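The values are calculated or read from the model by the stated rules, or taken from the named source; none is laboratory data. Bear in mind the structure is a predicted one, so any value in this text is a computation, not a measurement. Neighbour counts are summed over all protein chains in view; Cβ atoms, including those assigned to glycine, are modelled from backbone coordinates with ideal geometry.
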Amino acid sequence: MPDFIVEWLDRNDIFTAMTLMEYWDGLVTTVHLVFLSLIIGLAVAVPLAILRTVKNPLISGPIWVYTYLFRGTPLLIQLYIIYYGVAQIPGIQETFWWEIFREPLYPALLAFTLNTAAYTTEIIRGAIVSTPHGEIEAAKAYGMNWLLRMRRIILPSAARRAVQAYSNEVIFMLHASAIASVVTIVDLTGAARNIYSRFYAPFDAFIFVALCYMVLTFILVFAFRKLENHLLRHQRPVSS
Amino acid sequence: MFDLKGYGPALAEGAVITIELAFLSLALALFLGLVGASAKLSGSRVASGIATAYTTLIRGVPDLVMMLLFYYGGQVAVNMLSDYLWETREIDFFFQFDPFISGVVTIGLIFGAYMTETFRGAFLAVDVGQIEAAKAYGFTRWHTFRRVMVPQMLRHALPGIGNNWQVLLKTTALVSIIGLTDMVRVAEEAAKAERMPFHFFIPVAAVYLILTAGSELFIKWLDRRANVGVVQGN
């Protein structure tokens, strides 16, 4: 850090270079956790959403149950069940899985991923189901088989319809990730809670972290607006 | 059939707290939403500016951070106010900021912002002719609002209110973090003490599931009733 910033920080009781580093590490953890769970969640949700639209109830039924359970209960409870629950699985403490799951980060990652995958599955399913029938008929008339139809026609068209709702889900996930601090992960909120308890300064600790989340939120909103503009270019009114 | 190891009554009390909290926050959120939407549509620059700042601010910050800020910060603010009043006016004023109040205020404020957007959209969906007709009848602004706008707007707002309520219900779990003994908190303590996480969290999850599923049915029923006079065009 440049010297004048260090000097200024030295005269400040709470926002010293050390606390700022703590916030920075928290920011890295938050971004890491949210990004990974969103990416894995999306990768899981696309095939699930496709299977959820299949007519066979033996395939779509279990997926419906999964999304219903995860969307109907609070994420906090899902996190608690996974975090406290994995240690209780008989025999897990002797396997290598225990090395992974004893760190709170992985149970949290699992809970967030399962939660976001459930919401995303329903978002994508909604978009797939509302594909205009004519597009599918046209694809059939061209002799495309199911896989090709899905890949070339239905999914790209569904992506356009899903992006708006998905951007809300991404922001929801960013905000929901704050509960990771409950299972001793030092994310942004966790850093704020540590700093609060060290200085007993709720306004400094939490307002600063609220501003950090706001900046992250606005970056995401901006990025998604760009993406939407890009995907929906063909719908833009002809400029005069 | 289900042995809750003596935590049953505590869990039931916790469930009642969760439900009370949810309904009180809903009432606050509906009130703030109506005020916010009216402010946004009032045409007054200051009022709509304040309402826009409110909704933007709330939607940028996680609910947990807001709750921690209100809970820890609220008490500090009350203490400061109390000191100030005592030193300057000799007024003895003190107020304990408990987790229940912080929970209601935070959840109410957060969902007030979402309700503002819901109500704003619903108000805009009311036919302008209706408002003109009310004016022609010599209704005052308040009368137009209460007799014409609100009853017609509610039908459009209902699906949005329903969605917000579902999310609100699940947000109430967060108050266990600031120490309110709702059912999540009781389950957490029981799970730690008995080392049986599934045994206590799954019933709590089931209660949430029943609440959300029940509300879904109720909202569908309300929606059908509200739209009785409307011919659905498809």
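I'm told A:Glu103 meets every condition in (1) part of a loop (DSSP other than H, G, I, E, B); (2) surrounded by 14 or more Cβ atoms within 10 Å (Cβ to Cβ); (3) out of contact with any Asp or Glu (no Cβ under 8 Å at 6 or more places or on another chain); (4) not β-branched (Val, Ile, Thr) except one. Can you identify the failing condition by its number?
Against the list (1) part of a loop (DSSP other than H, G, I, E, B); (2) surrounded by 14 or more Cβ atoms within 10 Å (Cβ to Cβ); (3) out of contact with any Asp or Glu (no Cβ under 8 Å at 6 or more places or on another chain); (4) not β-branched (Val, Ile, Thr), A:Glu103 comes up short only on (2).
Residue by residue, here is whether (1) surrounded by fewer than 15 Cβ atoms within 10 Å (Cβ to Cβ); (2) modelled with pLDDT under 90; (3) more than 17 Å from the chain's Cα centre (by Cα); (4) under 23 Å from B:Leu209 (Cβ atoms) holds:
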| position | (1), (2), (3), (4) |
| --- | --- |
| A:Gly41 | no, no, no, yes |
| A:Val44 | no, no, no, yes |
| A:Lys55 | yes, yes, yes, no |
| A:Ile63 | no, no, yes, yes |
| A:Tyr68 | no, no, yes, yes |
| A:Arg71 | no, no, no, yes |
| A:Tyr83 | no, yes, yes, yes |
| A:Ala87 | yes, yes, yes, no |
| A:Pro90 | yes, yes, yes, no |
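Within the range B:184-234, can you find the residues that are touching a Gly at 6+ places or on another chain (Cβ under 6 Å), within 11 Å of another protein chain (Cβ to nearest Cβ) and more than 16 Å from A:Ile82 (Cα to Cα)?
Passing the criteria: B:Leu209, B:Thr212.
Taking only the range A:25-41 into account, find how many residues are of a type in the set (S, T, N, Q) and over 9 Å from A:Thr116 (Cβ atoms).
Going through the range A:25-41 one residue at a time, the tally reaches 2.
Sort out which residues of the range A:107-128 are under 13 Å from the mean Cα position of the chain (by Cα) and in contact (Cβ under 8 Å) with a residue 40 or more places away in the chain, and write them in order of number.
First, pick out the residues of the range A:107-128 that are under 13 Å from the mean Cα position of the chain (by Cα): A:108-121.
Listed by number, the residues that qualify are A:Ala108, A:Leu109, A:Phe112, A:Thr113, A:Leu114, A:Asn115, A:Thr116, A:Ala117, A:Ala118, A:Tyr119, A:Thr120, A:Thr121.
Taking the options B:Ala134, B:Ala157, B:Ala122, name whichever one is surrounded by 15 or more Cβ atoms within 10 Å (Cβ to Cβ) and in contact with a Phe, Trp or Tyr (Cβ under 7 Å, 6 or more places away or on another chain). Steps first, answer last, please.
Numbers: B:Ala134 fails: in contact with a Phe, Trp or Tyr (Cβ under 7 Å, 6 or more places away or on another chain); B:Ala122 fails: in contact with a Phe, Trp or Tyr (Cβ under 7 Å, 6 or more places away or on another chain).
Only one candidate qualifies: B:Ala157.
Looking for whichever is away from every other protein chain (no Cβ under 13 Å), surrounded by fewer than 22 Cβ atoms within 10 Å (Cβ to Cβ) and closer than 28 Å to B:Tyr7 by Cβ here; the options are B:Thr181, B:Thr140, B:Thr144. Which one fits?
B:Thr181
If the requirement is being in contact (Cβ under 8 Å) with a residue 24 or more places away in the chain and at the interface with another protein chain (Cβ under 8 Å from one of its Cβ atoms), which of these qualifies: A:Ser177, A:Ser167?
Just one listed residue meets the conditions, A:Ser177.
For A:Val238, all conditions in the list (1) within 14 Å of another protein chain (Cβ to nearest Cβ); (2) of a type outside the set (D, E, K, R); (3) more than 21 Å from A:Val170 (Cα to Cα) hold save one; what is the number of the exception?
A:Val238 satisfies all of (1) within 14 Å of another protein chain (Cβ to nearest Cβ); (2) of a type outside the set (D, E, K, R); (3) more than 21 Å from A:Val170 (Cα to Cα) except (1).
I'd like to know if the range A:163-179 contains one or more residues that are under 25 Å from A:Thr30 (Cα atoms) and over 15 Å from the mean Cα position of the chain (by Cα).
Within the range A:163-179, not a single residue is under 25 Å from A:Thr30 (Cα atoms) and over 15 Å from the mean Cα position of the chain (by Cα).
Is it the case that the range B:34-57 has a residue that's in a helix (DSSP H, G or I), in contact with a Pro (Cβ under 7 Å, 6 or more places away or on another chain) and either within 13 Å of chain A (Cβ to nearest Cβ) or surrounded by fewer than 21 Cβ atoms within 10 Å (Cβ to Cβ) (or both)?
Initially, the range B:34-57 is screened for residues in a helix (DSSP H, G or I), giving B:34-41, B:45-57.
Cutting the leftovers down to in contact with a Pro (Cβ under 7 Å, 6 or more places away or on another chain) gives us none.
No, because not a single residue in the range B:34-57 is in a helix (DSSP H, G or I), in contact with a Pro (Cβ under 7 Å, 6 or more places away or on another chain) and either within 13 Å of chain A (Cβ to nearest Cβ) or surrounded by fewer than 21 Cβ atoms within 10 Å (Cβ to Cβ) (or both).
Identify, from the list A:Ala158, A:Ala162, A:Ala210, A:Ala201, the residue that is touching a helix residue (DSSP H, G or I) at 6+ places or on another chain (Cβ under 9 Å), within 13 Å of chain B (Cβ to nearest Cβ) and without any contact (Cβ under 8 Å) to a residue 60 or more places away in the chain.
Step by step, each of A:Ala158, A:Ala162, A:Ala210, A:Ala201 is checked, and only A:Ala210 is touching a helix residue (DSSP H, G or I) at 6+ places or on another chain (Cβ under 9 Å), within 13 Å of chain B (Cβ to nearest Cβ) and without any contact (Cβ under 8 Å) to a residue 60 or more places away in the chain.
So, restricting to helices (runs of 4 or more DSSP H) that lie completely within the range B:74-156, which ones have at least 1 residues that are among the aromatic types (Phe, Trp, Tyr) and touching a strand residue (DSSP E or B) at 6+ places or on another chain (Cβ under 8 Å)?
Here the list is empty.
Step by step: first the residues of the range B:75-98, then only those that are touching a helix residue (DSSP H, G or I) at 6+ places or on another chain (Cβ under 6 Å) and within 14 Å of chain A (Cβ to nearest Cβ), then the one that is modelled with the highest pLDDT. Which residue is that?
Only one residue fits best here, namely B:Val76.
With the checklist (1) more than 22 Å from the chain's Cα centre (by Cα); (2) surrounded by fewer than 11 Cβ atoms within 10 Å (Cβ to Cβ) in hand, flag the one item A:Arg198 doesn't pass.
Going through (1) more than 22 Å from the chain's Cα centre (by Cα); (2) surrounded by fewer than 11 Cβ atoms within 10 Å (Cβ to Cβ) one by one, A:Arg198 breaks only (2).
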